[in-house]
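Trainee: Take a look at this one; I'll ask things after.
Every number in this text was worked out from the coordinates using simple rules, so none of it is lab data. Keep in mind it's a predicted model, so treat the numbers as computed, not measured. Note that we place each Cβ from the backbone using ideal geometry, even for glycine, and neighbour counts take in every protein chain shown.
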Amino acid sequence: MNISWIDSDSDLQSLLQEMAGCDRYALDTEFHRERTYFPQLALIQIKHNGKIFLIDPVAVDLSLFADLFASDSLCVLHAAQQDLEVLNHACGSAPRRIFDTQIAAGFIGMSTPSLSSLILSELKVSISKGDRLTDWLRRPLTADQKTYAATDVEHLFDIQDNLEKRLNELERLSWVHEACEELRVRPAGPADPTDAWLRVKEARALKGQARGVAQAVCEWRERKAMVADVPPRRILSDIAILGIAQIMPTTTDELLKARGVENRQIGGDVGRELLAAVERGKNVHVSLPQIDNDDVDKELRPAVGLITAWMSELARTHHIDATLLGTRNDILSLLRKNPQGRLSVGWRAEMVGKDIERILSGEAGLSFNGHGRLRLLPTNNPTI
């Protein structure tokens, strides 16, 4: 492999000038998020014009990528969701046009394949998985690390070409472009801090003021972790939050009686901030989120399972990853008669939306064919 290491703004600018106006480029990232709140970008790999470039994000001005990302050049990635999140956080932007080979593979029947399995199935090339737990922030990178990182982009163009040929034959390439755009515009980054309490095990079981205190303390912890860029549990453990919610302390001494709270965690302003959060929580009524189908007509709720079964059958019949076809939330959106729901527009409406409308209207029903498969039959069919 022809690999170049880039760790200066001048070299990065030269590369980006060379790439200006290119039809496509392959991209991957390496990052860590074990010790931080936000992902730490550790390496950017790019393939362009037969060469692979490893870019040190610690040493260069990442805003230089803005023009490339905003251009019409197609960025080819594999399993792009986290890459897009990391790039948006570190660079302030992400590619405007993407082709995700994992999504594309789903439209020919593969279920979220790894890059190595896709390379093997499409190109008959076996690649080493390398050391997945390697420290990508350590410098200098070893030769093995550089080779492993380069492998992540080396074959992406060939995979794209193979997949596009098959997708064109199936007349599904436009579906892939639509799904990739859905991924690109999907909100990424930190969740709403006010909802952080919902991710604490057993917090939903709390009632009254205790639930309000848990919500307020979790929100405080989340915002504190974001500012300090550390995992939330480094600020305060989940068990400590539950303990605080149960005893609702008003003093530092009472705080220390809560299980999981340590003296080093509540010194100075931190203790005062935490007690203020407890006080806020006592005065706030916090309700559990609505069950996701609460606003769906009760007579239609049993249809969710029926439609899910039919969508699984369609995915199997048409060799499409079922997760691409639709989710429970998509079904609920359709039942709510949302005209912009994913099952009501685009390729999904074409493949499954009309069938579901027939089922809901009573014009069609589902039956087993005697071989473990479902079939859709008109309700006036005498065989039903």
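Trainee: Between the alpha-carbon centers of the stretch 221-250 and the stretch 292-350, tell me the distance in whole angstrom.
Mentor: A separation of 38 Å, based on Cα centres.
Trainee: Which of the residue pairs LYS201/LYS257; LYS146/LYS224; LYS201/LYS337; LYS207/LYS257; LYS47/LYS165 have a Cα-Cα distance greater than 25 Å in the structure shown? Walk me through the numbers before you get to the answer.
Mentor: On the way: LYS201/LYS257 21 Å; LYS146/LYS224 36 Å; LYS201/LYS337 34 Å; LYS207/LYS257 21 Å; LYS47/LYS165 21 Å.
Over 25 Å apart, Cα to Cα: LYS146/LYS224; LYS201/LYS337.
Trainee: Please list, in order along the stretch 47-60, the HN-Hα scalar couplings obtained from phi with the Karplus expression 6.51 cos²θ - 1.76 cosθ + 1.60 (θ = phi - 60°), rounded to whole Hz, x for Gly and Pro.
Mentor: Rounded to whole hertz, the list is 10, 8, 6, x, 10, 10, 10, 9, 10, 8, x, 6, 9, 10.
Trainee: Defining a contact as two alpha carbons under 8 Å apart and six or more residues distant in sequence, what relative contact order in percent does the chain show?
Mentor: 13
Trainee: Using a Gaussian network model on the chain with a 10 Å cutoff between Cα atoms, which of LEU64, LEU300, LEU137 fluctuates the most?
Mentor: Its mean-square fluctuation being the largest, the pick is LEU300.
Trainee: Over the stretch 24-96, what is the mean sequence separation of C-alpha contacts under 8 Å (at least six apart), divided by residue count, expressed as relative contact order in percent? Working shown, then result.
Mentor: On the way: 112 pairs, mean separation 24.4, N = 73.
Relative contact order here is 33 percent.
Trainee: Pairs of alpha-carbon atoms within less than 8 angstrom and 6+ residues apart define the contacts here; what relative contact order does the stretch 298-378 have, in percent?
Mentor: Details: 64 pairs, mean separation 18.1, N = 81.
So the answer I get is 22 percent.
Trainee: A follow-up question, please. Starting from the amide H of ALA42, placed 1.01 Å from N in the peptide plane, find each other amide H under 5 Å away whose residue is 5 or more places distant or on another chain.
Mentor: Here the answer is GLU30, PHE31, HIS32, since their amide H atoms fall under 5 Å of that of ALA42.
Trainee: Could I ask something else about it? Enumerate the calculated ³J(HN,Hα) couplings along the stretch 185-197 in order (Karplus 6.51 cos²θ - 1.76 cosθ + 1.60, θ = phi - 60°), each rounded to whole Hz, writing x wherever the residue is Gly or Pro.
Mentor: 8, 5, x, 10, x, x, 6, 4, x, 5, 9, 4, 4
Trainee: Now for a separate question. Take the Cα atoms of the stretch 187-344, find their three principal axes, and give me the spread along each one in whole Å, biggest first.
Mentor: Principal-axis extents of the Cα atoms in the stretch 187-344, largest first: 63, 33, 25 Å.
Trainee: Tally Lys/Arg at +1 and Asp/Glu at -1 over every other residue whose Cβ is under 9 Å from the Cβ of VAL176; what's the total?
Mentor: Details: positive: ARG172; negative: ASP100, GLU164, GLU178.
Result for the neighbourhood of VAL176: -2.
Trainee: Summing Lys, Arg as +1 and Asp, Glu as -1, what charge do residues with Cβ under 15 Å from the Cβ of GLY372 carry, GLY372 excluded? List each step's numbers first, then the result.
Mentor: On the way: positive: ARG316, ARG373, ARG375; negative: GLU313.
Net charge around GLY372: +2.
Trainee: Under the 0.36 nm per residue contour assumption, what length would be gained going from the current alpha-carbon distance of LYS298 and ALA59 to full extension?
Mentor: 80.2 nm
Trainee: Would you kindly calculate the translational diffusion coefficient of the stretch 3-185, applying Stokes-Einstein with the Kirkwood radius from alpha carbon pairs, for 4 °C and a viscosity of 1.567 mPa s, and quote it in µm² s⁻¹ without decimals? Don't skip to the end; give the middle numbers.
Mentor: Details: Rh = 16.8 Å.
D = 77 µm²/s.
Trainee: While we're looking at this one, here's another question. Taking the DSSP beta bridges in the chain as the whole, what percent of them are antiparallel, to the nearest 5? Each step should come with its number before you reach the end.
Mentor: On the way: 17 of 27 bridges.
Of those bridges, close to 65 percent are antiparallel.
Trainee: Taking θ = phi - 60°, what integer Hz values does the Karplus form 6.51 cos²θ - 1.76 cosθ + 1.60 yield along the stretch 89-99, in sequence order, with x for Gly and Pro?
Mentor: Karplus values, whole Hz, x for Gly and Pro: 6, 7, 9, x, 6, 9, x, 7, 10, 10, 10.
Trainee: Can you list the residues of the stretch 96-139 with backbone N under 15 Å from a point 7 Å past the Cα of ALA188, pointing along Cα to Cβ?
Mentor: 96-103
Trainee: Net charge within 10 Å of LEU77 by Cβ-Cβ distance, Lys/Arg positive one each and Asp/Glu negative one each, not counting LEU77 itself? Don't skip to the answer; put the middle values down first.
Mentor: Values: positive: none; negative: ASP28, ASP83, ASP100, ASP152.
Neighbourhood net charge equals -4.
Trainee: OK, next. Just going by the charge dipole of the chain, with Lys and Arg at +1 and Asp and Glu at -1 on Cβ, which of VAL125, THR194, LEU64 is farthest out on the positive end?
Mentor: THR194
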